[in-house]
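One structure is given below, encoded as structure tokens.
The values are calculated or read from the model by the stated rules, or taken from the named source; none is laboratory data. Bear in mind the structure is a predicted one, so any value in this text is a computation, not a measurement. Here the Cβ is made from the backbone with ideal geometry for all residues, glycine too, and neighbour counts use every protein chain on show. Protein only, heavy atoms only, side chains kept; ligands, DNA and RNA dropped before computing areas. Shrake-Rupley method; radii C 1.70, N 1.55, O 1.52, S 1.80 Å.
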Amino acid sequence: MKKILLTTILIAGFALAASAQPRALGLRLGWGAELSYQHNVSGADFVEANLGLYTFNAINLASTYNFMIAQPNWTDRGEWGFYGGPGAALGVGFMEENKGYVHLAVAGQLGLEYTFWFPLQLSFDLRPQIGFQFGSKALYYGIGPALSVRYRF
């Protein structure tokens, strides 16, 4: 009974700690269209996960751990932030000959964001990916600028 009670308390504590961190959900549009989710981890650093079309011919799941490099005080209201960090990507896609492939890549991200005084966040970033396509046995790379619009909660 003590183990069950301790486990319940630990799960509730982790859930409470996770819900206390700021999050954002929205769209990332650029070299594809992706659903974007951000979750603050420690201080201003955050994890970003994106799921959607990458180069419009592959379904891609990319995740990066972004370090807040600088937060300049350019305005009286809202917050600016420069961020960047490493990550990874996994996806499936199709080539012109209707052959499918799976890709695995390392990714990075560098961006600038502005969070308004109301729950809206805009950001512009570059996310290069370099990896291997297992169906075509080829290396691939891509770098896509993107504009993101997110609801911050």
Practice problem: Report yes if some residue within the range 12-30 is surrounded by 14 or more Cβ atoms within 10 Å (Cβ to Cβ), modelled with pLDDT of 95 or more, under 14 Å from residue 109 (Cα atoms) and of a type outside the set (A, V, I, L, M, F, W, C); otherwise report no. | Solution: yes
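Pull up the range 125-153, narrow it to residues that are basic (Lys, Arg) and surrounded by fewer than 18 Cβ atoms within 10 Å (Cβ to Cβ), then point me to the one that is farthest from residue 28 (Cα to Cα).
First pass over the range 125-153, keeping only residues basic (Lys, Arg): 127, 137, 150, 152.
Checking the rest, the ones that are also surrounded by fewer than 18 Cβ atoms within 10 Å (Cβ to Cβ) come to 137, 152.
Working: 137: 29, 152: 14 Å.
Selected residue: 137.
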Quiz item: Which ones in the range 68-122 are farther than 22 Å from residue 137 by Cα, open to solvent by 60 Å² or more (accessible area, probe 1.4 Å) and either touching a residue at least 60 places away in the same chain (Cβ under 8 Å) or part of a loop (DSSP other than H, G, I, E, B) (or both)?
Solution: 71, 73, 74, 76, 77, 117, 118, 119
